[in-house]
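Every read-out reported here was derived from the displayed coordinates using simple, explicitly stated rules and does not represent laboratory data. All of these numbers come straight from a predicted model, not from anything done at the bench. Here the Cβ positions follow ideal geometry from the backbone for every residue, glycine too, while neighbour counts run over all protein chains shown.
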Amino acid sequence: MASDGSSGCPCFFKLILELRLDLHKLEIPRKFMRTHGSNLSNVIYLNIPSGKVWEFDLVRENGKTFLQKGWPEFVKFYSLNDGHCLLFKYEGESRFDVVIFDTSTSEIEYPLGPKACPKLTSCDIM
């Protein structure tokens, strides 16, 4: 553990609330930004356990910082809803590993994407 009382893990989580889904952006916590914000570029990358990487614009306005362009598509793609929780772990160079949990507190099954084969058993895998 770091001597300043922090765990040394540059991470945070966000609980998705239904009232916030219509904002079309996700706020990054101010405490995280105070510590790591100067290292972030205007483009942020989220690495998902399925291997998919998402790109977002980082917008700073009125003392707050948001993931904006691309966020509504991310919400729709992963069917985020009231009660979902996202864990963000900062990996450096404006990249985060993100794990998504549903309302049962279990990690979701990540969609493969629109161009991926919907059923693994019907794919030709070698």
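Structure notes:
- More than 15 Å apart - percent of Cα-Cα pairs taken over the stretch 11-106: 59
- Positive contributions from Lys and Arg (+1) and negative ones from Asp and Glu (-1), summed over other residues with Cβ under 13 Å from the Cβ of Ser41, come out at -1.
- Cα→Cβ-extended label distance, 7 Å offset, between Asn47 and Thr35, nm: 1.9
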